[in-house]
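To keep things clear, I will list the structure first and then write my remarks on it.
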Amino acid sequence: MARSGAAANSRCLRAPNAKSGIETRRSAVEEENEGGGGLTAVLTANRPQLIRFFTSRTGSLAEAEDVVQEIWLHVARADTGPVVSPLAYLHRVGLNIVLDRVRERQRRMKREQGWSDVAIEQRGGEATDDSPSPHDIVDGRQRARQLATAIEALPPGAGRVFRRHKLDGLSHSEVAAELGISRSAVEKHIAVALRYLRAALE
Amino acid sequence: MTHAEQQQGRIDTAAADWHAQLESPDMDWEAFGAWLDADPAHRVAYDAIALLDAEIEGRRDAITASLPANDVCDDQTTVGQRRRWWIGGGIATAAAIAILLMPKMATVPTETMVAYSTGPAQTQMIDLKDGSHILLDRNSRLALSDSQSPRIEMQSGTAYFDVRHDPSRAFLVQAGGYEIRDIGTKFDLAMTPQRLGVAVSEGKLMVAPKDGAGTLIVAGERIDVAAQTGEAQVSRIAAASVGSWRKGQLIYQATPLGLVANDLTRYVGRPVTADPSIGDLRVSGVLAISDGAGLIQQIEALLPVKAVETGGSIHLVGSNGR
């Protein structure tokens, strides 16, 4: 087995010591306890509710259990700052996990049904390369233009709110404050925008 | 508009309404769940809305570039530049990607693990269902659960991993208190009770203590972790020399004798230790493994050391002065 330990080439690291790793983890969790009400504790206490919700979301108890497991992994490992509403946060983390799974399933289905990207097929019929091909990049630009056109065509009120929130990155309450409307009005505008976009891009 | 279209329109509207409320402090998750459950078409409609929203978020920069300047934004460019870092946004995407790379720990204890072990004169090739391969070196042991997300428990010795790239699943190797997370790499893993060594010849991987923060190791690097103290060192190596034991060679370049002794233990079949006074002695050169018997003589020829047999083990000490 090859080894090289020339001191000049070496860099020393923060030791990935099992003990200190766990220690660091604990203190992070404790901070969470103070700041956000203890995400893992909230998860444990609300596990049945989360399982129920994600069973509804996915249509499968087994998948719901996987998703809740992944939520747990996420909160146990990720450096989340203080969270205002822990239970809502856990739901949103889980929704993102589900969406990733949906996306992956669609991608795989496309591959299996032979709608693979021509550029990838030319590389030997094995659609395992996930790096974007030149074809994908052109596709991506076209798609972005298509989305931009659809966003431009939104009704003015919904379009303005949607752009401020989605593209400029303002939170719902920031958009509400800026435009002098209520938060629920912001939500309505965004819902209308999504509904329009969905129809326009079908 | 047909009745079916009206029906679909209503469902899409409801899906968009629910999605827009996710950030709301008054979000009623139970009611959202009940709506999703009420009709399989609800789930499909919600998938479409959520995917579209995530896609717009993902293509935000390209979309913004294709749009004429936002009229609200014209005199407030600084506000327009701000990025939003709530969970539905960039962080969530990053987290979701990270989750894909993460192992499933503490999962179903019922999974079947198949044990592999090799004797002093044999190596074994293990082919995984996903097209990945593991070559297990002599006197080595591992257990394998060849599921959708393969999990390997390295128990002792060395193995060379050739992992096929597949972003949809996690490939996890557990070795002592450490985990190696990988999505498409070629690497060599050597394990003794004292030490864990991982050398990467292609791609990159993450080495982490269980439940701890990891260290990224890329092609042309190796990490050595002392099991007792957790002290770790990353060093540069020649990527081509990784896993050279597969060709019957041990290639060293300024490698501490202490590390070399770990390798010798595996091939000689008896514990080989280096006296602490010479443990830092550097080894450079190529040793022929053959049946392992000649390795000690080769080391003696290469370095000012001699082998002393005590009990069942071999102790390397300085040959001049002691």
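The values are calculated or read from the model by the stated rules, or taken from the named source; none is laboratory data. Quick caveat: nothing in here was measured; it's all calculated off a predicted structure. Note that each Cβ is placed from the backbone with ideal geometry, even for glycine, and that neighbours are counted across all protein chains shown.
For the reader, a short list of remarks on this structure follows.
- Test: residue in the range A:107-129 that is within 11 Å of chain B (Cβ to nearest Cβ), surrounded by 14 or more Cβ atoms within 10 Å (Cβ to Cβ) and either part of a helix (DSSP H, G or I) or at pLDDT 65 or above (or both): yes
- Per-region count, the range B:235-263, residues more than 7 Å from every other protein chain (Cβ to nearest Cβ) and assigned to a strand (DSSP E or B): 1
- Residue list for the range A:184-202, restricted to those being at the interface with another protein chain (Cβ under 8 Å from one of its Cβ atoms) and surrounded by fewer than 16 Cβ atoms within 10 Å (Cβ to Cβ): A:184, A:199, A:201
- The condition of being more than 7 Å from chain A (Cβ to nearest Cβ) and within 25 Å of the chain's Cα centre (by Cα) holds for residue B:216.
- Number of the condition not met by residue B:232 [criteria: (1) facing chain A (nearest Cβ under 9 Å); (2) under 12 Å from the mean Cα position of the chain (by Cα); (3) surrounded by fewer than 24 Cβ atoms within 10 Å (Cβ to Cβ)]: (2)
- Qualifying residues in the range B:219-229 (those that are part of a loop (DSSP other than H, G, I, E, B) and within 28 Å of residue B:288 (Cβ to Cβ)) - the one farthest from the other protein chains (Cβ to nearest Cβ): B:219
- Filtered by the rule that a residue be at the interface with chain A (Cβ under 7 Å from one of its Cβ atoms) and farther than 16 Å from residue B:174 by Cβ, the range B:203-213 gives a lone residue, B:213.
- Subset of the range B:306-322 [touching a helix residue (DSSP H, G or I) at 6+ places or on another chain (Cβ under 6 Å) and within 12 Å of residue B:273 (Cβ to Cβ)]: B:307
- Considering residues of the range B:126-166 that are assigned to a loop (DSSP other than H, G, I, E, B) and among the hydrophobic types (A, V, I, L, M, F, W, C) only, the residue surrounded by the fewest Cβ atoms within 10 Å (Cβ to Cβ): B:128
- Residue selected from the range A:84-101 under the condition more than 15 Å from residue A:53 (Cα to Cα) and surrounded by fewer than 20 Cβ atoms within 10 Å (Cβ to Cβ), by the criterion modelled with the highest pLDDT: A:101
- Selection count where residues are part of a loop (DSSP other than H, G, I, E, B) and in contact with a Gly (Cβ under 9 Å, 6 or more places away or on another chain), scope the range B:174-193: 6
- Some residue of the range B:228-237 being at positive phi and assigned by TED's automatic domain parsing to the domain that holds residue B:135: yes
- On the stretch given as the range B:286-301, residues that are surrounded by fewer than 16 Cβ atoms within 10 Å (Cβ to Cβ) and at pLDDT 85 or above total 6.
- Of all residues in the range B:1-51, those being closer than 23 Å to residue A:83 by Cα and more than 8 Å from chain A (Cβ to nearest Cβ) number 4.
- Selection count, the range B:308-317, where residues are under 38 Å from the mean Cα position of the chain (by Cα) and farther than 14 Å from residue B:269 by Cβ: 3
- Within the range A:146-182, the set of residues being assigned to a helix (DSSP H, G or I), of a type in the set (D, E, K, R), facing chain B (nearest Cβ under 7 Å) and under 23 Å from the mean Cα position of the chain (by Cα) comprises A:163, A:164, A:166.
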